[in-house]
1. What number of residues in region A:76-90 are more than 15 Å from the chain's Cα centre (by Cα) and either crowded, with 24+ Cβ neighbours inside 10 Å or farther than 19 Å from residue A:22 by Cβ (or both)?
2. Could we say that residue A:161 is in contact (Cβ under 8 Å) with a residue 12 or more places away in the chain, over 22 Å from residue B:156 (Cβ atoms), touching a strand residue (DSSP E or B) at 6+ places or on another chain (Cβ under 9 Å) and away from chain B (no Cβ under 14 Å) here?
3. So, of the residues in region B:47-56 that are within 14 Å of chain A (Cβ to nearest Cβ) and modelled with pLDDT of 90 or more, which turns out to be farthest from residue B:16 (Cα to Cα)?
4. Among the residues of region B:9-38 satisfying the criterion of being modelled with pLDDT of 90 or more and not in a helix (DSSP H, G or I), which is farthest from the other protein chains (Cβ to nearest Cβ)?
5. Looking at (1) loosely packed, with under 14 Cβ neighbours inside 10 Å; (2) within 14 Å of chain A (Cβ to nearest Cβ); (3) out of contact with any helix residue (DSSP H, G or I) (no Cβ under 8 Å at 6 or more places or on another chain), which one does residue B:133 not meet, given that it meets all the others?
6. For region A:15-29, does any single residue satisfy the condition of being at pLDDT 95 or above, within 14 Å of chain B (Cβ to nearest Cβ) and assigned to a helix (DSSP H, G or I)?
7. I'd like the residue in region A:1-14 that is touching a residue at least 60 places away in the same chain (Cβ under 8 Å) and in a strand (DSSP E or B) and, out of all such residues, is nearest to the chain's Cα centre (by Cα).
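The values are calculated or read from the model by the stated rules, or taken from the named source; none is laboratory data. These numbers were taken from a predicted model, which means no experiment stands behind them. Here the Cβ positions follow ideal geometry from the backbone for every residue, glycine too, while neighbour counts run over all protein chains shown.
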């Protein structure tokens, strides 16, 4: 749920990157942090295990500066992807304005993707919301893998709501900003 | 009526001033160092007192994340809720309390303050904040404001300009 502070003339929006383990959520955020203009990006916070797996969340504040008299900020979060951290994902999703579902295109990860999107639907419902009502964009990551499934197959299994989808190779930055632009605009249009 | 969790909350100048007055009084009465009111998504609404030596935006994200995580722990233990979260350090301590289901009130204090007093006063302040929150929810300034300012279109242009490879 976005917040508009009239006194300080600020608009705040929260975007969460969701998806199964190793799908590339943190890679997306790290790429954005490496490429976004200095005046836009804040400090990247990662709460990770010793093996650099996300244990709580990654957090990157982006400040678009003053637009039409309002300072506009997007806060990007990732959730931990491993199955055991479902309750942590519930916590991070709290108050989100928009979601990027990052799917792993690898054929062997199809069931993990399906399980993750079903969990997302369940978690959002438990918070009294419906996924159909929320700004949501799908990113099919790891498109450079020889074992990547065709987009129509992925769409049929992961994207029944027929939301905007983007192909990506996040580790090279491909598709990362296309995804971010799409979800940011959806969130703003729903304010 | 729209689900209020999907509705943009607009905090007016008057409401922000009221929140800051409450925070100021709480810090004075409790001998606490720093107080903040934030949305449960971690976005800061108001701060008062001696600003800690850290990035406040990150502080907000961590407080909200920790509180949300504690609530899931409560559910796992079949506890209805953890209403207050207390974090104890060597020199500084943090108390965070929920303001209905929407906001969080977080207070940082040291040995000058008594934990019990901070807890009681934080609870009282949280109750007073509920009144302001209800005012915030009751007005529909957001739509008028955004329509008038044409903020949406301008932000979209800025998104196109800034969110791209350097």
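1. The total comes to 1.
2. Spelling it out, residue A:161 is indeed in contact (Cβ under 8 Å) with a residue 12 or more places away in the chain, over 22 Å from residue B:156 (Cβ atoms), touching a strand residue (DSSP E or B) at 6+ places or on another chain (Cβ under 9 Å) and away from chain B (no Cβ under 14 Å).
3. B:56
4. So the residue we want is B:31.
5. (1)
6. Yes, some residue in region A:15-29 is at pLDDT 95 or above, within 14 Å of chain B (Cβ to nearest Cβ) and assigned to a helix (DSSP H, G or I).
7. Residue satisfying both the conditions and the ranking: A:14.
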